[in-house]
Every structure is written in C-alpha cells, then in structure tokens.
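Trainee: I'd like to ask you about the structure that follows.
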Amino acid sequence: MTGFVQRLFLLLAAIGLLTACGKEPLYQEQGYVFGTLVEVSVYDEEEPRAKQAVAAVMQEFQRLHNLLHAWKPSPLSELNAAFAEGKPQEVTLEMAGMLQDAAELSAQSGGLFDPAVGGLVRLWGFHADEFKPLLPDEQALAALTKTHPQMSDLRIQGNTVSSRNKSVLLDLGGYAKGYALDRAAEILRQRGIQNALVNIGGNVIALGMHGKRPWRVGIQHPRKPAPIATLDLYDGDALGTSGDYQRFFELNGQRYCHIIDPRTGKPAQGVESVTVLTRGKHAGVLSDAASKPLFVAGLDGRSATTGPMHVPEFMLVDAKGNVHLTAGLQKRLEFTDKTIIRTVEP
C-alpha cells in the first residue's frame with residue numbers, strides 16, 4: 001500500500017468517525033478502483049436494500065475503470081492506438097459523449113484541462129502503478145510538447161472519433177472520477193436511496209442528509225496524514241481535490257506530480273493542492289475537472305479558469321502551505337490547524 005493510499009485510508013476512516021458516531025442506521029462499503037480507495041455510505045435504509053444499491057455502484061465503478069484505463073488494454077487504449085495510426089474509431093455513444101463533454105470543459109479552461117496530453121503523462125512515468133524517480137529524455141519531451149496535442153484535435157461524428165493530431169493520447173484520469181460520482185448518484189436515486197455519500201479518493205458527492213444534519217467530510221492536508229479542514233455537504237454538493245501528493249516522485253529535492261502543464265509539457269509547480277466545491281447538474285464531473293486547470297494556472301491565472309468553468313467556490317494551498325480561498329468556502333470550512341495563513345480571494 002502506497003503512502004498516499006495509507007493517508008487516504010486514514011482520512012476515510014476519519015470521515016467515517018465524523019459521519020458514524022454512535023449506533024445509527026448507516027451502511028458503508030469500501031473498495032479499490034481508479035487506482036484509489038472508494039467508499040459509499042448510505043443512511044437510514046434497510047441493510048439489504050442499501051447493500052444491493054452499493055453493489056450496483058461498485059459494479060459501475062469497475063465498468064468505468066475497465067472502459068477508461070489509459071495504459072492497460074481497454075476501449076480507451078484502443079482508441080488511442082487508432083489515433084496513433086491516423087485512423088477513425090467507433091466507440092460507444094457513452095464514450096463519445098464523455099469526449100465531447102471533456103472537449104467542452106477543456107475549451108472553457110483555455111486548454112489547461114487537457115486529457116489529450118496522455119503522451120506527456122506517460123513520458124513522465126505516470127502511466128504505471130509505481131513511479132520511478134527519473135526525468136524524461138529532454139529531446140523526446142520537447143518534440144512531443146511541440147506537437148501540442150489538445151482536445152480540439154478530436155473530431156466526433158456520432159459514435160465515430162478521429163484525431164487530426166497523431167500525438168493525441170487520451171488520459172481521462174482527471175474526468176473519470178467525477179463522471180463516476182455522477183453515475184453513482186444517478187444509480188442510488190434510481191434505486192430509491194435518498195441519503196448517501198460517495199467518496200472516490202477525495203472526490204465526494206452528497207445525496208440528502210445524514211439524519212438531521214448534513215454530511216461532514218474532511219479535505220486531505222497536502223503534507224500531513226490528516227484533514228486540513230472539514231465541512232458540511234448538502235444534497236447535490238460535490239467536492240473535488242487535486243494535489244501533488246497523490247501521484248508523484250521526488251528527485252534532487254524537487255517534487256514532480258502527474259498534473260501536467262500542457263503549455264510546458266512539465267508537471268505543474270507552485271501549488272500543493274486545489275479543492276473546488278460545486279453543485280447542480282454534472283456536479284461530480286465539474287468538481288473533478290475544474291480543479292486541474294486551477295492547479296496548473298495557480299493564483300495568478302485563476303480568473304481565466306474559475307470564471308469560464310463556472311466554479312463558485314475554491315481553495316488553493318500554495319507551495320508555502322498558505323491557503324487562498326473564496327469567501328463562500330471560508331464560511332463553510334472548519335480548519336484543523338488554526339495557525340494556517342488564510343487569504344480570502346476576491
């Protein structure tokens with residue numbers, strides 16, 4: 001078990017303590033998918049019905065994992081192989097819809113959310129379960145970056161997808177967990193579950209209430225094995241966090257994470273974590289996708305991403321560990337460390 005997964009397990013356990021104090025009608029189940037721990041909690045429901053609903057959610061998570069795996073055999077890897085050969089590929093209407101949605105989000109982000117840069121992610125060694133502290137070949141990195149793969153290179157006609165750029169290699173890791181959250185919420189509601197909390201590696205969506213109170217969750221501290229803050233989530237709220245502590249390696253005192261800046265072809269620097277709070281239609285997808293461009297852009301470029309992507313609330317932890325956040329999120333967060341320097345951003 002990696003250090004991050006161990007920290008995440010402790011965080012999920014802490015959330016469980018926050019949401020399940022005392023004996024109450026709470027059914028919880030954990031699993032491992034999308035390369036991370038997942039947990040589904042259902043409140044105030046008979047256990048057999050809750051168990052069946054959660055099993056359906058876990059089955060859907062595994063289906064999506066198998067569909068969207070970027071470097072093991074999958075329909076997505078088959079699509080990437082077709083791109084490399086300059087050939088069109090038929091996909092399911094579901095996947096075509098995902099790619100269209102991801103392309104629109106990429107455009108809104110000014111290209112900073114870019115699932116087309118999977119080749120760069122692979123070159124940095126992050127298409128693996130374990131990461132070696134090695135820098136990529138500089139010439140190969142420069143050559144691939146120069147081809148500028150981007151989502152706008154895709155052509156989607158019905159369920160046929162092609163790319164005008166052979167360097168496009170799709171990696172939907174920054175989209176899949178959010179999509180899975182929305183699917184989980186849909187499945188639970190279809191099965192009559194009114195109160196639930198779904199957590200996929202720190203990406204969370206809430207349904208209903210936890211009894212007479214909201215669901216309370218923790219946000220992972222980017223440098224400590226504990227929450228940096230907690231907050232209450234209400235029906236329809238989705239919370240997404242991206243950090244440099246999830247998939248990374250260190251070399252010569254420098255940390256290199258899996259979140260690539262498409263402009264440079266290199267891992268983004270200057271930010272430890274970004275958390276966004278969203279709600280409404282497709283809240284899960286937006287909570288997942290919107291945290292990436294803000295991580296890449298940093299504070300100076302935040303207005304170019306949070307505005308067009310319609311992100312109402314965010315928190316950014318900079319390289320010094322200082323917190324920058326919106327006034328709305330400031331009101332909802334309870335920080336575990338009162339000494340953290342916090343700046344409310346306009």
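The values are calculated or read from the model by the stated rules, or taken from the named source; none is laboratory data. This one's a predicted model, so the numbers in the text were calculated from it and none came from an experiment. Every residue, glycine as well, gets a Cβ built from its backbone with ideal geometry; the counts of neighbours run over all protein chains shown. Protein only, heavy atoms only, side chains kept; ligands, DNA and RNA dropped before computing areas. Shrake-Rupley method; radii C 1.70, N 1.55, O 1.52, S 1.80 Å.
Trainee: Condition test on V274, is it among the β-branched types (V, I, T), out of contact with any Ser or Thr (no Cβ under 7 Å at 6 or more places or on another chain) and crowded, with 24+ Cβ neighbours inside 10 Å?
Mentor: It is false that V274 is among the β-branched types (V, I, T), out of contact with any Ser or Thr (no Cβ under 7 Å at 6 or more places or on another chain) and crowded, with 24+ Cβ neighbours inside 10 Å.
Trainee: Being in contact with a His (Cβ under 8 Å, 6 or more places away or on another chain) and either in a strand (DSSP E or B) or surrounded by fewer than 15 Cβ atoms within 10 Å (Cβ to Cβ) (or both) narrows it down to one of L286, L316, so name that one.
Mentor: Of L286, L316, the one residue that is in contact with a His (Cβ under 8 Å, 6 or more places away or on another chain) and either in a strand (DSSP E or B) or surrounded by fewer than 15 Cβ atoms within 10 Å (Cβ to Cβ) (or both) is L316.
Trainee: Do any helices (runs of 4 or more DSSP H) entirely within segment 53-156 hold 2 or more residues that are within 17 Å of Y179 (Cβ to Cβ) and open to solvent by less than 50 Å² (accessible area, probe 1.4 Å), and if so, which?
Mentor: 75-84, 93-108
Trainee: Considering only segment 264-276, I want to know if a residue exists there that is outside any strand (DSSP E or B) and among the aliphatic types (A, V, I, L, M).
Mentor: Scanning segment 264-276, I find at least one residue that is outside any strand (DSSP E or B) and among the aliphatic types (A, V, I, L, M), so the answer is yes.
Trainee: Taking the residues in segment 42-52 that are assigned to a helix (DSSP H, G or I) and in contact with a strand residue (DSSP E or B) (Cβ under 9 Å, 6 or more places away or on another chain) as candidates, determine which candidate is least open to solvent (accessible area, probe 1.4 Å).
Mentor: A50
Trainee: Kindly indicate whether any position in segment 2-14 is surrounded by 17 or more Cβ atoms within 10 Å (Cβ to Cβ), within 26 Å of D171 (Cα to Cα), charged (D, E, K, R) and modelled with pLDDT under 95.
Mentor: For segment 2-14, residues surrounded by 17 or more Cβ atoms within 10 Å (Cβ to Cβ), within 26 Å of D171 (Cα to Cα), charged (D, E, K, R) and modelled with pLDDT under 95: present.
Trainee: Ok, one more. Give me the residue from segment 39-62 that is in contact with a Lys or Arg (Cβ under 9 Å, 6 or more places away or on another chain) and not small (G, A, S) and, out of that set, nearest to G125 (Cα to Cα).
Mentor: That would be F61.
Trainee: L197 - would you say it is surrounded by 14 or more Cβ atoms within 10 Å (Cβ to Cβ), touching a helix residue (DSSP H, G or I) at 6+ places or on another chain (Cβ under 6 Å) and not in a loop (DSSP other than H, G, I, E, B)?
Mentor: The answer is no for L197.
Trainee: I'd like the full set of residues that are aliphatic (A, V, I, L, M) and part of a strand (DSSP E or B), limited to segment 202-230.
Mentor: V204, I205, A206, L207, V217, I219, I228, A229
Trainee: Taking segment 324-342, which residues are in contact (Cβ under 8 Å) with a residue 24 or more places away in the chain and part of a strand (DSSP E or B)?
Mentor: H324, L333, E334, F335
Trainee: How many residues are touching a helix residue (DSSP H, G or I) at 6+ places or on another chain (Cβ under 7 Å) and among the charged types (D, E, K, R) if we restrict to segment 252-291?
Mentor: 2
Trainee: Continuing with this model, one more query. How many residues are within 17 Å of the chain's Cα centre (by Cα), free of Cβ contacts under 8 Å to residues at least 60 places away in the same chain and closer than 16 Å to L79 by Cβ when one looks only at segment 93-112?
Mentor: So the count comes out to 1.
Trainee: In the list G236, G218, which residue meets the criterion of being at positive phi and modelled with pLDDT of 95 or more?
Mentor: G236
Trainee: In this structure, does D261 turn out to be touching a Pro at 6+ places or on another chain (Cβ under 8 Å) and of a type in the set (D, E, K, R)?
Mentor: Criteria met by D261.
Trainee: Considering only residues that are open to solvent by 40 Å² or more (accessible area, probe 1.4 Å) and part of a loop (DSSP other than H, G, I, E, B), which ones fall in segment 231-263?
Mentor: Within segment 231-263, Y234, D235, R247, N252, G253, H258, R263 qualify.
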